[in-house]
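Participant: Take this structure, written in structure tokens, and hold onto it; I'll ask about it next.
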Amino acid sequence: MPVSIRQIGPCFAGEVEGVDMRRPLTADEVAAIHAGMDRYAVLVFHNQEIDDEQQLAFTRSLGEIELALHTGLRAATEYRLPTTFADVSNLDQHNRPMARDDRRRLFSIGNRLWHSDSSFKAVPAKYSLLHARKIPSRGGNTEFADMRAAWDALDDETKAACEGLVCEHSQIYSRQQIGFFDLSEEERERFKPVRQVLVRTHPATGRKSLYLASHAGAIVGWPVPEARAFLRDLIEHATQREFVYSHRWAVGDLVMWDNRQTMHRGRPFPPEEARDVRRTTIAGDAPTAEQIAA
Ligand SMILES: [Fe+2]
């Protein structure tokens, strides 16, 4: 069965049929998925009953894996999954939901803010692939915003103001917004800001998009309050409902998104229930901006 993709309702995302992630992909299937990502930026695959190895094999067939190293507050002894996965569940290493006041859980609540994965890394992520193994009884949707449509809808004056700007991204900035300041010196050092351009151009389609995230806390050359107010306005603009697709999860769904063209956020769910979702990530090609020398 050939790969087919249809747009989901009025949204920008696409729903894929004809892919079985338990089997190796053909070259034609790989090409169809990349073309779908270029066009839709978010692809939804249903009923994928896969394990970790199958998710890794599917991910590797589309590109090089970005490792999840030193990006959260879990100690190395507290990992539930290998570093080929980003553990975005609410579970500890014993598969139990973390306590409500667990600092690792509170840090991960930052994922409820609009963001693009790994924008706090000098080479930010290309695609993320999130697979649902266990979902809560309610809540926990993931919402996606189309940053190409957001760019297209800006007025010319704002577009001109954005062009050429470079932002500083750090998980310190996103956590400040939710009142999480409980970071050690070592963590602050690890989460030092990196630089990202504000406007990206897609290498295949040539479409421009706003490259924003709650991790962005400064604009190079701007006073901080003015930068933050400007970035906040842009995020508000980019996340109007007309630019947003909200995914309601079912076990077996795998959703793949292009971090260069979209932002996303998780929605709340009952904290005592398990939400086991596992993310693999495809590495980006290069930094988007020159970094400050260490
Ligand atoms: Fe994320």
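What follows is calculated from the coordinates using simple rules that are stated; it is not laboratory data. Given the structure is predicted, the values throughout are model-derived calculations rather than measurements. Don't worry about glycine lacking a Cβ; one is built from the backbone with ideal geometry, like all the others, and counts go over all protein chains shown.
Participant: Any number yet on Rg/Rh for the stretch 4-160, C-alpha, Kirkwood?
Facilitator: Ratio of gyration radius to Kirkwood radius: 0.97.
Participant: Sum -39500 (n - 2.57) across every DSSP H segment of at least 4 residues in the chain, then divide by the residue count to get the 222 nm mean residue ellipticity, nearest 500.
Facilitator: For the chain, the value works out to -6500 deg cm²/dmol.
Participant: In addition: If you average over every viewing direction, what projected area does the convex hull of the Cα atoms of the chain give, in nm²?
Facilitator: 15.1
Participant: Okay, next question. Compute the projected area of the convex hull of the Cα atoms of the stretch 156-270, averaged over all viewing directions, and report it in nm² to one decimal place.
Facilitator: Its Cα hull, projected and averaged over all orientations, spans 10.0 nm².
Participant: Sticking with the crude label model, points 7 Å out along Cα→Cβ, report the distance from TYR79 to GLU17 in nm, one decimal please.
Facilitator: 4.0
Participant: Can you list, largest first and rounded to whole Å, the semi-axes you get for the stretch 121-215 by taking the square root of 5 times each eigenvalue of its Cα gyration tensor?
Facilitator: Largest first, the stretch 121-215 gives 27, 22, 14 Å.
Participant: Using the count of nearby Cβ atoms within 10 Å as a rough guide to exposure, how do HIS202, HIS131 rank from fewest to most?
Facilitator: Details: HIS202 15, HIS131 27.
Fewest-to-most ranking of HIS202, HIS131: HIS202, HIS131.
Participant: For LYS121, LYS159, what ranking results if the residue with the fewest other Cβ atoms within 10 Å of its Cβ goes first?
Facilitator: Taking fewest neighbouring Cβ atoms as first place, the list is LYS159, LYS121.
Participant: Another question, then. For VAL166 and GLU189, what is the calculated FRET efficiency with R₀ set at 30 Å and r taken between the beta-carbons, to the nearest 0.05?
Facilitator: Calculated value: 0.85.
Participant: Moving on to the next point. Cα-based Rg of the stretch 204-283 per 2.2 N^0.38 Å, rounded to two decimals? Walk me through the intermediate numbers first.
Facilitator: Working: Rg = 16.0 Å, N = 80, 2.2 N^0.38 = 11.6 Å.
So the stretch 204-283 has a normalised radius of gyration of 1.37.
Participant: Separation of the stretch 231-262 and the stretch 1-77 by C-alpha centroid, Å?
Facilitator: A separation of 16 Å, based on Cα centres.
Participant: In addition: When we measure straight from the Cα of LYS159, which lysines land under 20 angstrom away, once same-chain ones fewer than 8 places off are left out?
Facilitator: By straight Cα distance, LYS159 reaches LYS208.
Participant: On to the next question. Using 7 Å Cα-to-Cβ label points, what is the ALA57/GLU272 separation (nm, one decimal)?
Facilitator: Here the modelled spin labels are 4.0 nm apart.
Participant: In addition: What ranking do ILE219, ILE292 get, fewest neighbouring Cβ atoms within 10 angstrom at the top?
Facilitator: Numbers: ILE219 19, ILE292 10.
Lowest count first: ILE292, ILE219.
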